[in-house]
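Asker: I have a structure here, written as structure tokens, and I will follow up with some questions on it.
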Amino acid sequence: MSRLAFILVVVGACAFSPAWAEAPLYGEQYRPQLHFSPPQQWMNDPNGLLYYRGTYHLFYQYNPYSTKWGPMHWGHAVSSDLVHWANRPIALFPDQHGAIFSGSAVVDADDTSGFGTKGHPPLVAIFTYDDFLEANLGKTGYQSQGLAYSLDAGRTWVKYAKNPVLRDPQVRNFRDPKVFWYAPRHDWIMTLAAGDHVSFYSSPDLKHWTHESDFGRRYGAHFGVWECPDLIEMPVAGEHIKKAVLLVSINPGGPNGGSATQYFIGTFDGHAFGLDQDLEVKLAHGRNASGNPVRDDAGTALWLDYGTDDYAGSTWSGGRPGDDRVLFVGWMNNWEYANDVPAGRWRGQMTLPRQLRLVRTSAGLRVESAPVSELESLRTRKFVVAAQAAQKPIRLTPPTGVKSGVMELELELDLRDARTMDLTLSNELGEHTTFRIDRGRGRYSIDRSASGAVMFNPAFRRVQTAPLTGNAKRIFVHMFVDRSSLEVFINHGETVFTTLEFPSKPYDTVTLSADQPVRLESGAAYALESIWTGR
């Protein structure tokens with residue numbers, strides 16, 4: 001190419017470059033200000049969630065070459081408070097065994113692996129290799145499990161020389177190991193997705209694994225592949241007992257289409273997971289005459305989040321001394337349209353970090369999911385909404401709006417005789433998203449069909465719904481609004497919606513309306529600062 005031609009190409013590229021190309025880093029149109037996103041390129045599942053010596057580690061599926069899914073690496077970010085994140089160099093790269101798919105990380109405190117010493121224990125990452133070449137040749141066992149270790153608190157990683165450490169040549173979709181130390185047996189336990197079910201393995205040293213049992217072929221939603229399992233021991237709130245909770249992501253097959261996360265409650269004895277008896281009938285999925293799962297089996301599952309955009313989530317291994325919370329984060333997207341959502345130099349974000357709690361309800365034990373208290377540090381201005389009766393639309397945000405498009409809302413409501421009540425987020429262009437409590441139809445719903453950019457994929461325009469619980473008369477709504485997302489926590493996380501949205505201008509107004517008078521018992525709206533403030 002001649003020098004003149006080169007100059008013309010450069011000038012042309014600058015003349016027609018999109019607006020986001022000139023925006024400061026983390027300042028693009030749809031860039032989340034409350035949620036973690038990578039500086040650029042593609043991100044999906046959270047991986048290797050680990051707390052160690054004052055630092056929360058967030059690894060994640062990362063393609064450094066494109067804003068669409070591709071050869072997976074482990075990206076890396078760290079935080080001291082679960083809110084503000086600092087980006088770190090890529091932690092794990094593909095090698096001769098394949099790309100680096102999802103997995104977990106642990107502190108090997110007793111150096112069972114021999115990668116460090118008891119005085120200087122290693123961090124160990126356990127991940128799935130995905131060998132594209134073997135898959136392209138039609139081989140079944142193209143996924144296997146590998147190890148890497150760090151002796152410098154997660155800054156750099158060395159892969160185990162004898163990788164892979166576990167494979168099954170007969171199983172496709174053999175992936176996403178979540179590992180924890182099971183003290184009663186003095187063993188490591190691995191929970192692994194194996195097609196349409198979960199397999200459990202044990203190991204004394206993280207290197208040699210023995211199959212223990214399988215779970216799931218008869219229970220839950222099965223209209224899709226199972227992924228990213230996570231087995232957690234959780235106390236029942238207010239009681240002196242603990243239960244085992246098994247999270248399993250599925251794609252497709254979610255309650256509102258595409259990707260979602262179901263869960264199971266039971267016991268684990270170091271060998272096998274047993275479902276609680278009161279859930280066995282509810283979660284036994286139907287099959288047709290051919291033995292294949294029926295298409296409507298989403299109704300037989302317990303769902304962690306009814307929104308379409310919380311997937312492949314996992315919990316942190318370890319935590320601050322005295323902090324026994326179960327901390328969770330998910331990927332905020334859906335495989336039905338993940339590669340199509342509007343993006344600039346980046347594509348992909350995480351949900352807000354959440355605390356999971358196991359509570360006893362009238363329907364039995366259930367998992368609640370609520371935002372972590374650390375997020376309160378982002379509040380910069382509070383607008384108190386006076387207690388009042390309301391029916392015609394009332395504004396819940398300041399008269400000037402929240403121009404940043406980043407806000408938090410807390411409302412305590414008494415619906416009285418109202419059958420429908422709407423909370424509507426909007427901007428000056430008339431773009432809007434509506435959260436509805438619909439007692440007449442026995443459901444909550446979110447409608448983002450007029451929220452801005454919605455035409456990139458038909459699935460994005462569907463209304464999302466969740467069943468009401470109880471009489472749904474007194475309801476507490478906790479809502480977080482970001483530049484490209486909405487998260488709604490109902491009754492302290494009893495029901496959750498996580499949903500992406502892409503308004504042309506940030507939402508700055510929230511209004512409440514109902515078909516009959518309702519009572520707003522208390523309310524507050526908060527302006528929030530960006531987690532990237534001071535970058």
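The values are calculated or read from the model by the stated rules, or taken from the named source; none is laboratory data. The structure presented is a predicted model; accordingly, all values stated were derived computationally and were not measured. Here Cβ is always computed from backbone atoms with ideal geometry, including for glycine, and neighbour counts include all displayed protein chains.
Asker: From G440, G401, which residue is more than 15 Å from G523 (Cα to Cα), at pLDDT below 95 and buried (at least 17 other Cβ atoms within 10 Å of the Cβ)?
Answerer: Selected residue: G401, the only one of G440, G401 that is more than 15 Å from G523 (Cα to Cα), at pLDDT below 95 and buried (at least 17 other Cβ atoms within 10 Å of the Cβ).
One line per residue, one yes/no per condition, for (1) in contact with a Ser or Thr (Cβ under 9 Å, 6 or more places away or on another chain); (2) in contact (Cβ under 8 Å) with a residue 24 or more places away in the chain; (3) under 20 Å from T351 (Cα atoms):
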residue: L50; (1), (2), (3): yes, yes, yes
residue: R53; (1), (2), (3): no, yes, no
residue: S79; (1), (2), (3): yes, yes, yes
residue: H84; (1), (2), (3): yes, yes, yes
residue: P89; (1), (2), (3): yes, no, no
residue: P94; (1), (2), (3): no, no, no
residue: I100; (1), (2), (3): yes, yes, no
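Asker: For region 311-362: of the residues being of a type in the set (V, I, T) and in contact with a strand residue (DSSP E or B) (Cβ under 7 Å, 6 or more places away or on another chain), which is nearest to G493 (Cα to Cα)?
Answerer: Going through the qualifying residues, I end up with V359.
Asker: What residue, of Y182, Y160, is closer than 25 Å to V78 by Cα and of a type in the set (S, T, Y)?
Answerer: None of the other options fit; the residue is Y160.
Asker: Still on this structure, I have one more. Which strands (runs of 3 or more DSSP E) does region 96-182 wholly contain that include 2 or more residues that are surrounded by fewer than 19 Cβ atoms within 10 Å (Cβ to Cβ)?
Answerer: So the answer is 174-182.
Asker: If you check W74 against the conditions, is it farther than 22 Å from F127 by Cα, under 19 Å from the mean Cα position of the chain (by Cα) and surrounded by 15 or more Cβ atoms within 10 Å (Cβ to Cβ)?
Answerer: Spelling it out, it is not the case that W74 is farther than 22 Å from F127 by Cα, under 19 Å from the mean Cα position of the chain (by Cα) and surrounded by 15 or more Cβ atoms within 10 Å (Cβ to Cβ).
Asker: Which residues, taken from region 240-284, are of a type in the set (A, V, I, L, M), over 16 Å from the mean Cα position of the chain (by Cα) and not in a loop (DSSP other than H, G, I, E, B)?
Answerer: A244, V245, I265, L275, L279, V281, L283, A284
Asker: Sort through E431, E408 and tell me the only one that's acidic (D, E), surrounded by 17 or more Cβ atoms within 10 Å (Cβ to Cβ), modelled with pLDDT of 95 or more and more than 21 Å from the chain's Cα centre (by Cα).
Answerer: Only one candidate qualifies: E431.
Asker: Name the pairs whose Cβ atoms lie under 6 Å apart, with the first residue in region 247-272 and touching a residue at least 12 places away in the same chain (Cβ under 8 Å), the second of a type in the set (D, E, K, R) and assigned to a loop (DSSP other than H, G, I, E, B), and 6 or more positions between them or separate chains?
Answerer: G258/E336; I265/D276; G266/D276
Asker: Would you call D230 crowded, with 19+ Cβ neighbours inside 10 Å and more than 18 Å from Q170 (Cα to Cα)?
Answerer: In short, yes.
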